[in-house]
Amino acid sequence: MSADNWAICPKCKKMVETSKQKQIDKVMASYGKVPAEDYEAALIASKEPIDLRETLREDYEFCMETDGRFSASYSAHCDRCGFKHSFEHVEQVKI
């Protein structure tokens, strides 16, 4: 069965952004303490764009039964970091 959608995982995104900020902080803290060439190289490396891949698998279904029962289900999981989320809703609509 294939996924309904692939998206960027919010947990992976947060971890990458945190790591990137630590890299930037380390470069800034090294100013004047390392040779200028090393600082420039580290500064350039810290400005590289973040590479985020669509690792979040999303599966969902919406259904209206003939008796007026509506249901919606959603699940998402990331094999890279283990993030998971699911949602279920069922209601009887007025007919």
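Kindly establish whether D51 is exposed (fewer than 10 other Cβ atoms within 10 Å of the Cβ) and either at pLDDT below 95 or outside any strand (DSSP E or B) (or both). For D51, the condition - exposed (fewer than 10 other Cβ atoms within 10 Å of the Cβ) and either at pLDDT below 95 or outside any strand (DSSP E or B) (or both) - is met.
For the range 58-88, the set of residues classified as polar (S, T, N, Q) and either over 20 Å from K13 (Cβ atoms) or surrounded by fewer than 13 Cβ atoms within 10 Å (Cβ to Cβ) (or both) consists of T66, S71, S73, S86, listed by residue number. Among residues that are in contact (Cβ under 8 Å) with a residue 24 or more places away in the chain and either charged (D, E, K, R) or in a loop (DSSP other than H, G, I, E, B) (or both), K26 is not included.
Tallying residues that are over 16 Å from C78 (Cα atoms) and of a type in the set (K, R) within the range 42-56 yields 1. V34 meets all of the listed conditions (1) among the aliphatic types (A, V, I, L, M); (2) part of a loop (DSSP other than H, G, I, E, B); (3) loosely packed, with under 11 Cβ neighbours inside 10 Å but one, namely (3).
The set of residues in the range 2-15 that are out of contact with any Phe, Trp or Tyr (no Cβ under 6 Å at 6 or more places or on another chain), at pLDDT below 95 and either basic (K, R) or surrounded by 12 or more Cβ atoms within 10 Å (Cβ to Cβ) (or both) contains only A3. Residues in the range 54-66 that are without any contact (Cβ under 8 Å) to a residue 24 or more places away in the chain and assigned to a loop (DSSP other than H, G, I, E, B): E65, T66.
The values are calculated or read from the model by the stated rules, or taken from the named source; none is laboratory data. Note that the structure is predicted; figures quoted are calculated from it, not measured. Ideal geometry is used to build each Cβ from the backbone, glycine not excepted, and the neighbour counts take in all protein chains shown.
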